[in-house]
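The values are calculated or read from the model by the stated rules, or taken from the named source; none is laboratory data. These numbers were taken from a predicted model, which means no experiment stands behind them. Please note: Cβ atoms are built from the backbone with ideal geometry, for glycine as well, and neighbour counts cover all protein chains shown. Remember, those area values only see protein heavy atoms, side chains included, never the ligands or the DNA or RNA. Shrake-Rupley method; radii C 1.70, N 1.55, O 1.52, S 1.80 Å.
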Amino acid sequence: MTAYIIRRLLLLPLILFGITLIIFGMMQLLGPDKLLAAYVDPNTFNKLSNEELEALKEKYGLNDPMVVRYAKWLNGVLHGDLGWSVVGKMPVKDALLQRIPYTAELALYAVFPVVGIGIWLGMVAAVHRDKFIDHAIRIFAVVGWSFPDFVFGLFVLMVFYSWLGWLPPGNLSLWADEIVRSPQFHHYTHILTIDSLLNGRFDIFWDDLRHLIGPIMTISWLWWAYLLRITRSSMLEVLNKEYIRTARAKGLDERVVINKHAKRNAMIPVTTVGGAMVINLFAGTVIVEVIFNRTGLGRFTASAATQLDYAAIMGSALFYSTILVLGNLIIDVLYAVIDPRIRLG
Amino acid sequence: MRQETKRTLRRFMRNPSAIIGVSILIMFTLVAAFAPVIAPPINPMDPSRKVSNPYIMPKITWKAEPIPPSSRSDAVKEFIAKAMKKQLYKSKKEDLIPVVEHILRRARAGDLCEAYSKSYKIKSQVRKKLLTLVPELKKDGFSDPKSLINSYLPEDFKIICSETARIDGGFAKFLKSFDPKKMSKGDMVKIILYASKYLSIEDLKEAAAKLFKVDKEDIYRWLKEKKYIERDPIRTVDYHPFGMIDGRDIMYGVVWGTRTAFRIGLIVTFFGTLIGLVVGSIAGYYGGWIDEVLMRITDVFLSIPFLVAAIVLTTILGTGLNKVMIAMIIFGWMGTARLIRGNILQVKEEQYILAAKALGVRDFLIIMRHVIPNTIFPVVIQASMRMGSLVITAAALSFLGLGAPTGYADWGSILNYSRDWILGAQGEAFKYWFALTYPGIAMVLFVLSWNLLGDALRDTFDPRLRG
Amino acid sequence: MMSVNREPILQVKNLKTYFYTEDGVVRAVDGVSFELYPGETLGIVGESGSGKSVTSLSIMRLLDEKGKIESGEIIFKGRDLLKLPEHEMRKIRGNEIAMIFQEPMVALNPVYTIGDQIMEAIMLHQGADEKKAREMAVDLLRRVGIPEPEKRVDQYPHQLSGGMRQRAMIAMALSCRPSILIADEPTTALDVTIQAQILDLMKELQEEYGMALIMITHDMGVIAEIADRVAVMYAGHIVEYGEVHEIFKRPRHPYTYGLLSSIPRLDVEQEKLKSIPGTVPDPLNFPTGCRFHPRCEFAEDRCREEEPEMVEVLPDHYSRCFFWKKLEGLEVK
């Protein structure tokens, strides 16, 4: 296992390096004028004369050869310098850091129901193959898989907010927001559900939860669909394996055969393929945050894109990719833990 | 062999997924093919002339559209601000105090500077405070803060004030510490006018509600009653069964949007698959360091989330459908490449390839004649499964305002209109339900049909996974 | 033969197992009958797709959901296994009738240790606690000739060689001292040298445990080595059934004759190896009449129209052929 993990770890910087190359490459499509906007506060930028612009380009080395610029840019990135965000009115790094807790909270709360229920539904469908329940789950999956998240999200809003008034958009109600912004409210973790409990404000906790349910519902269906399809087909494949027949030939109870012998094996592809998909859930928050008008990385990225805030989108892309790469690393480790062939092989 | 083909075909035709998927697809194909008949592209201004581009939904009415109550719409902010401006001069001084209090509490310190730069009294107080900070400002990189502070130009004062507020928390607090009760009415009006434009829409609504003395949730309805906002959306006008949005017929958009969806899906899938095919074939066939390099590149491309990558590249290339398609092709070939490579590695070991190699057949010919035909089925299955998700992503980009331009016959763009209504005040939601429902249903059915088709193909050709 | 007078321990009567696939009904086992006596070895031989594996899975009632036992009886110790409720059947599986599968590579669960998988059956059927079960597992592993059993017991299947895995499978099957062991091509996936070792081990253990053995194989050589009696299967039917020496010496069905002629022999000089022409028929539509007639060198018109019945051609030697007499003069070289 150590060799396997070390190989993954060695690959990690290589992949991250590749990502910076792609992102830097995309940035070069912009040309020096637009790139400059990513370095300078636009309040000053708009008042600069042509000579001053040229001087600034010189100062930031935008006329340097590509390799030199890449080296400089990479150096900046490594030191946390991602440029100036017009949308955030602050350095990109600060803007991202400020918004991470919001998105992390959403993703965190979405992951558990998605993984738990998705796998469970897949197992149920596989075990009851071709029965009514299997057909019902499969229809649920194929429709969920075909339902674009922004269409579904809008329906959720229409029904649960506009009509029933249960699940409002945004992060918090105004009254709760004011309390949260007040100095009496301590931010221990910056994850609001936890902080509100630590502050003993159950009303705020409940309010936050109410704002989270809609987005989580919207995210979940799609990923349930993905995960349960993988789980189902993986489980079906395992149930056809000879070792399952061996287990039955031993006279084991069908429950033991499924719970002990089949599930653990079925989880191997679910972890690798399904896990890699679920990490994408983090990126999927872009759409949901826009629809539900939530503060967070996703909406920041979207508004940076519409307002052509290049530094901010590059920073976001870099951040999302890093999350994806790290998440994949975790999954690789999990895979090794589950499968003794990797762990000991 | 022929019997096997027949049997496979029969199995496919008996599969319920295949039947539903294929029939929906045929329906969409017919709609796309006969779009000019179902929704004729007629220039509404002059029916005798043709429209220049049928993919732009023709504007049927030029009357002003109703303003949606969405919290992200700038139009709404303008409307509320305009309404407030009219009210400001009518209000008494005491009525303004809660509004200013609210603004001071909710606005960013730096955003107050613009208002302060217009008021002589407050400006001089801020100036005094700023002068005490001169040494620190110098340390923070201002070469000559004093000249900026003492400048008579309001812009200069604004810059130094907001920059200082950004750097210095104490100063930011100072900016928010002014007591409205001690202000003149003129100062208060200035603060409301200039600082309110930086407020979030919710805060602005709250400020307006305080000014008009109505409940915040009712502010939109109230503005409408007072004729600040005029009309509701129209569901059915004579020949527009799906309703109208932005002066355009939704049915027209849904019908011509079918063509857009097909175009996006087919072009992106085709080129994405082609690139994947080439990369995967080369990697799988040659192996060794070529394989290693190509696969690591694939890994890197896979490490950027697809939606984020598409957003970034579309933004950089400039918005528009073509740019969306290019972005999706560039970041959409990796699945095929991996699949092809895996299959080739399998096929490569087979006897007939070894035989062909032993006979000295050229590599390229071997790939073309033996390997590709044997690996093409999984690729076709994968491509049909990807069609759906590609159309979704393209629509999502349009929905975010990065894809098709306004008025383009594209399902995602039409959906975007309905959003502003749904996000608005409660009770306004169903006003534009048709703008969400019809294109929404079209999109779900389109994606569903491809997914069902892909499922059916997989079930038929890969019986191992059947179920 | 020593066993003839005794009561059979297992009787299969007119067993029919069909598979209902999307392409049609596959009559994998179509009226198979045989007996198994205590302590003897019955070989079931046939090409792949002849229904021999399905027969064994039907006995264990381990068919997948598409397979259905249409009719017939399987009498084990006086009880019809096909009529037993599932929980009663579970007490028989692994305990009274055990099974070994073809590929030890895939027949062992990759995520559990060898020990775990052996102990499972012991704990289930014998009610032993974990410590006792582990001791028994180590003993069993030692008995089947696995070196360092204390170490091997904690290893995963992928850490063992193919031969070792098959030994572990045998240990697992024997853990509850079953009275019948069904071995479904236990040596096919192994190297030739290891094949012989495993067969020797099985013979040895069969004598020691006194169990009856059903050996399923496509290899006439294995049958010759281990079986007392043999049933030759073709296209869902038993086409010839009798004692092994009798059948090897005097095959009375053209298919058996073909199988025996196609074994390469070193002691006899052959110009060319004989083989049976044609291929196994499509199980979805078997030929009319005798199912072997398209490949049979003795076929006549009657074979195409009428299905032959099993006839006793010699004492305790049955054949499903109209013209078995044609084979009388022919001896296998």
> Taking chain A as a Gaussian network, Cα atoms linked when under 10 Å apart, which of A:Leu30, A:Leu308, A:Leu329 shows the biggest mean-square fluctuation?
Replying inline: A:Leu30
> Stretched out fully, how many nm does the piece from B:Lys197 to B:Glu292 gain, at 0.36 nm a residue minus the Cα gap?
Replying inline: 28.7 nm
> Scattering from the C-alpha atoms of the protein assembly as shown alone, worked out with Debye: what is log10 I(q)/I(0) at q = 0.08 1/Å?
Replying inline: -0.99
> Which of the peptides A:103-109, C:73-79, A:5-11, B:266-272 is most tightly packed, and how do the rest follow, judged by the mean count of other Cβ atoms within 10 Å per residue?
Replying inline: A:103-109, B:266-272, C:73-79, A:5-11
>> From the mean inverse distance of alpha carbon pairs (Kirkwood) and the Cα radius of gyration, derive Rg over Rh for region A:102-171.
In response: 1.07
>> Over 18 Å apart: what share of the alpha carbon pairs of region B:76-159 falls there, rounded to a whole percent?
In response: 57
> Total accessible area buried between chains A and B, 1.4 Å probe, in Å² to the nearest 100?
Replying inline: 5600
> How large is ³J(HN,Hα) for each residue in region C:64-81, as worked out from phi by the Karplus curve 6.51 cos²θ - 1.76 cosθ + 1.60 (θ = phi - 60°), to whole Hz, x for Gly and Pro?
Replying inline: 6, 5, 7, x, 9, 7, 6, 7, x, 9, 10, 8, 10, 6, x, 10, 7, 4
> Out of residues 5 or more away from B:Ala404 or on other chains, whose amide H comes under 5 Å of its own, with H placed 1.01 Å from N in the peptide plane?
Replying inline: B:Ser398
> Is there a simple number for the mean count of other chain Cβ atoms within 10 Å of the Cβ of residues in A:159-166, and what is it?
Replying inline: 4
>> Just checking the output field for C:106-116: average partner chain Cβ neighbours within 10 Å of each residue's Cβ?
In response: 5
> Using mean Cβ contacts within 10 Å as the protection proxy, how do C:304-312, B:198-206 order, highest first?
Replying inline: B:198-206, C:304-312
> Name the residues of region B:164-207 whose amide N is less than 11 Å from a point 7 angstrom out from the Cα of B:Arg105 along the C-beta direction?
Replying inline: B:207
> With each pseudo-label sitting 7 Å past Cα toward Cβ, what's the A:Ile342-A:Leu74 distance in nm, one decimal?
Replying inline: 2.9
>> If I ignore ligands, DNA and RNA and count only protein heavy atoms, how much of A:Val273 is accessible to a 1.4 Å probe, in Å² to the nearest 10?
In response: 70
> Taking the simple approach of a point 7 Å from Cα along Cα-to-Cβ for both B:Leu9 and A:Leu326, what is their distance in nm?
Replying inline: 5.6
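Roll a 1.4 Å probe over the protein chains and send me the accessible area per residue for region C:53-148 in Å².
Accessible surface, normalised per residue, equals 43 Å².
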> Efficiency by 1/(1 + (r/R0)^6): what FRET value for B:Ser23 and C:Glu300, r their Cβ-Cβ distance, R0 = 35 Å, to the nearest 0.05?
Replying inline: 0.10
>> A 19 angstrom limit on the alpha carbon distance is what I want to check against. Which of B:Lys77/B:Lys210; B:Lys93/B:Lys121; A:Lys89/B:Lys190 exceed it?
In response: A:Lys89/B:Lys190
>> Run the reach check for C:Lys203 against lysines, Cα to Cα strictly under 24 Å, same-chain hits fewer than 8 apart removed. What comes back?
In response: A:Lys250, C:Lys52, C:Lys77, C:Lys249
>> I'd like the accessible area for B:Lys86, computed on protein heavy atoms only with a 1.4 Å probe and all protein chains in place. Round to 10 Å², please.
In response: 130
>> Give me, ordered by chain and number, the residues 5 or more places off B:Asp249 or on other chains with an amide H under 5 Å from its own placed amide H.
In response: B:Ile60
> Taking the Cα-to-Cβ direction at A:Ile5 and at B:Lys86 and moving 7 Å from each Cα, how far apart do the two end points lie in nm?
Replying inline: 6.9
> At 222 nm, what helix-only mean residue ellipticity would the protein assembly as shown give, in deg cm²/dmol to the nearest 500, using -39500 (n - 2.57) for each DSSP H run of four or more?
Replying inline: -18500 deg cm²/dmol
> What percent antiparallel are the DSSP beta bridges of chain C, to the nearest 5?
Replying inline: 60
> Chains C and A: buried accessible surface, both sides, probe 1.4 Å, rounded to 100 Å²?
Replying inline: 2400
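Among the DSSP beta bridges whose two residues both lie in the protein assembly as shown, what percent are antiparallel, rounded to the nearest 5?
Percentage antiparallel, nearest 5: 65.
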>> What does the buried accessible surface come to for B and C, summed over both chains, with the probe at 1.4 Å? Round to 100 Å².
In response: 500
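Can you give the average number of partner chain beta-carbon atoms within 10 Å of each beta-carbon in peptide A:129-135, as a whole number?
Rounded to a whole number, the mean comes out at 1.
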> What's the FRET efficiency of A:Met66 with A:Gln184 using the Cβ-Cβ distance as r and R₀ = 45 Å, to the nearest 0.05?
Replying inline: 0.30
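Rounded, prolate or oblate: which fits chain C, taking a ≥ b ≥ c as square roots of the Cα gyration tensor eigenvalues, rounded meaning a/c under 1.5, else prolate when a/b beats b/c?
Judged from the Cα gyration tensor, chain C comes out prolate (a/c at least 1.5, a/b above b/c).
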> How would you rank C:88-96, B:383-391, A:112-120, A:154-162, highest first, on the average number of other Cβ atoms within 10 Å across their residues?
Replying inline: B:383-391, A:154-162, C:88-96, A:112-120
>> Taking C-beta distances below 4.7 angstrom as the pairing criterion, name the unpartnered cysteines of the protein assembly as shown, in sequence order.
In response: C:Cys176, C:Cys296, C:Cys321
> If one takes the longest principal axis of the Cα atoms in chain A, at what angle in degrees, from 0 to 90 and to the nearest 10, does the Cα axis of helix A:92-127 lie?
Replying inline: 10
> Using the beta-carbon distance between C:Asn14 and C:Lys77 and R0 = 22 Å, what value does 1/(1 + (r/R0)^6) give for FRET efficiency, to the nearest 0.05?
Replying inline: 0.65
> Given H placed 1.01 Å from N in the peptide plane, which residues other than close sequence neighbours of C:Val313 have an amide H under 5 Å from its amide H?
Replying inline: C:Tyr318, C:Ser319
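Do me a favour and compute the ellipsoid semi-axes for region C:90-205 from its Cα gyration tensor, root of five times each eigenvalue, largest one first, whole Å. Before the final figure, lay out each step's value.
Working: eigenvalues 82, 54, 31 Å².
They are 20, 16, 13 Å, listed largest first.
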